[in-house]
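Down below is the structure, laid out as structure tokens.
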Amino acid sequence: MTLPEHMELEFFGAAGEVTGSCHVLRIGDRRILLECGMLQGGRQQAARNREPFPLDPESLDAVIISHAHIDHCGRLPLLVRRGYSGPVFAQQATRDVARVMLEDSAGLAERDAEQESVKRARKGLPPVEPLYTVDDARQALRQFETLSYDDCREVVPGVRLRFIDAGHIIGSAIVELWLSEGGYECKLVFSGDLGQRDTPILRDPSIPDSADLVVMESTYGDRCHRSREATLLEIASVLRGADHQQGNVLIPAFAVGRTQELLYLFSKYWHEWDLARWQIFLDSPMAIRASDIYWRHRELYDEEAQAMRAEHEEMPKLPNLSLSQSPEESMAINRIRKGAIIIAGSGMCEGGRIVHHLKHNVWRPECQVLIVGYQAQGTVGRRLVDGESYIRIHHEAIRVKAQVHTIGGLSAHADQSGLTEWYEAIPGRPPLWLVHGEPGASAALREHLLARGAPRVIVAEPGMRIEMARLPQVHRRANQA
């Protein structure tokens, strides 16, 4: 049988790095973009977001998004701005969260461009354009078409799609694709971002019942997180040991996922962690909106969270929690010298309100910083984790004297053990390509899986192509047909 002209997957973003997830699927004359993420991690990475897409946006037939984190969907408005007019397929809750994320991202882009243009005008230089606008974001959102978990839909001729629960954030999905072209059939499974088992609120990641090839994330492929029990004990120890009469506790947190988990744990361990002695601030309009979305999608909760949700008509509020919406409310927090727990974004300390709180507190030895999520290379958060003596905020070098605690067990990503368990549960241990990981993490996971008997594990690189019709599993199925 002659091989089909096109039945291939090509890797672009998040191949050999963590952010900017983006891959192209070609099935005959159909073109599908799998993810459309933004690159994160400093000015150099940000500049790459303006580069051309791997193919003409007008030539695309569909886009599929695994979840609403910016490194997976953040360039959608730019794709639309450059000519894409087709559907964007996502899980129902993902669309709701993406509305918050993309409108916020667009607003930041507009403000940054406006400020930079003012500076350039003083030098006699032309203004700069934002990466995209709020109008672009809203147009992208109008192109979303949603599926519930386990629903199956033909998205283009010869390509059927199903989402199953990835347990990473609300609405996050493992993408299952059944591909048919020229007499060949192939099932591609893309993990998206996999969550940890026993994560508060969310269900555990689902296991695909079959696959001919798997593309899996490898963010924490080189390490194992602390156990859930040890993590909770560590948070309790930090909070109990922090002197609320002397300093503040800063928690940079992603607005979607990590913030909701923290609030859930604060409520559950209110007495054990002696939280009544603190003022707690959620200083993030985006996180406040995202928390409301979490509250509304009760159908996606695990058993324990379902039971909690059944007892409340409205989202429960900690008695000493303040929700800071306006800039004025945020600035007022900076006048507090002691007794405050401040949860604010961005999660990697690259922007947002946490930057101002760091500027006012990180040089004070009586303060604490709790790092509760992944910090990409080149970010301020990564410099804190690496123990650097100074960080730069608003062009000012600031000495780091606060105690920095890395709480790894709260990660929304599965660790090496979790990734291994998920992959090995798929029948037949199909060929595996690793994406969404720094080179060392992906290489370590590859060696680990090969040592455990995985038949084929490849670390994806930008521009690498998989000709799926040449895979033994796909030949076998075609010949049987």
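Starting from residues that are aliphatic (A, V, I, L, M) and part of a helix (DSSP H, G or I), keep the ones in the stretch 268-296 and report whichever is surrounded by the most Cβ atoms within 10 Å (Cβ to Cβ). Top of the filtered list is Ala287. Among the residues of the stretch 118-166, those that are in contact with a Ser or Thr (Cβ under 6 Å, 6 or more places away or on another chain) and either of a type outside the set (A, V, I, L, M) or not assigned by TED's automatic domain parsing to the domain that holds Ala211 (or both) comprise Pro127, Gly158, Asp165.
Thr259 satisfies every condition listed in (1) farther than 25 Å from Ile288 by Cα; (2) in contact with a helix residue (DSSP H, G or I) (Cβ under 8 Å, 6 or more places away or on another chain); (3) not in a loop (DSSP other than H, G, I, E, B) except (1).
For the stretch 175-198, state whether one or more residues are on the phi > 0 side of the Ramachandran plot, buried (at least 18 other Cβ atoms within 10 Å of the Cβ) and either more than 22 Å from the chain's Cα centre (by Cα) or at pLDDT 95 or above (or both). Quick ask: steps written out before the conclusion?
First pass over the stretch 175-198, keeping only residues on the phi > 0 side of the Ramachandran plot: 182-183, 192, 198.
Next, only the ones that are buried (at least 18 other Cβ atoms within 10 Å of the Cβ) stay: 192.
After this cut, where a residue has to be either more than 22 Å from the chain's Cα centre (by Cα) or at pLDDT 95 or above (or both) as well, the list is 192.
Yes: one or more hits.
Of the numbered criteria (1) in contact with a Gly (Cβ under 8 Å, 6 or more places away or on another chain); (2) of a type in the set (Gly, Ala, Ser); (3) closer than 30 Å to Leu108 by Cα, the one Gly257 fails is (1). Among the conditions (1) buried (at least 24 other Cβ atoms within 10 Å of the Cβ); (2) more than 27 Å from Ser66 (Cα to Cα); (3) of a type outside the set (A, V, I, L, M, F, W, C), Pro205 misses just one, which is (2). Considering each residue of the stretch 300-307 in turn, none proves to be in the same structural domain as Glu350 (by TED's automatic domain parsing), closer than 26 Å to Trp363 by Cα and of a type in the set (A, V, I, L, M, F, W, C). The stretch 30-99 holds helices (runs of 4 or more DSSP H) entirely within its bounds, and those carrying 3 or more residues that are modelled with pLDDT of 95 or more and either surrounded by fewer than 24 Cβ atoms within 10 Å (Cβ to Cβ) or in the same structural domain as Arg153 (by TED's automatic domain parsing) (or both) map to 76-81.
The one condition from (1) within 16 Å of Asn320 (Cβ to Cβ); (2) touching a helix residue (DSSP H, G or I) at 6+ places or on another chain (Cβ under 8 Å); (3) not in a helix (DSSP H, G or I) that Leu265 does not meet is (3). As a summary of the residue check, Gly247 satisfies the conditions (1) surrounded by fewer than 23 Cβ atoms within 10 Å (Cβ to Cβ); (2) closer than 30 Å to Glu304 by Cα; (3) in contact (Cβ under 8 Å) with a residue 60 or more places away in the chain except for the one numbered (2). So for the stretch 394-404 (the condition being under 25 Å from the mean Cα position of the chain (by Cα), under 24 Å from Gly20 (Cβ atoms) and not polar (S, T, N, Q)), does at least one residue qualify? For the stretch 394-404, residues under 25 Å from the mean Cα position of the chain (by Cα), under 24 Å from Gly20 (Cβ atoms) and not polar (S, T, N, Q): absent.
The values are calculated or read from the model by the stated rules, or taken from the named source; none is laboratory data. Just so you know, these numbers come straight off a predicted model, no measurement behind them. As a convention, Cβ positions derive from the backbone with ideal geometry for all residues, glycine included, and neighbour counts pool all protein chains shown.
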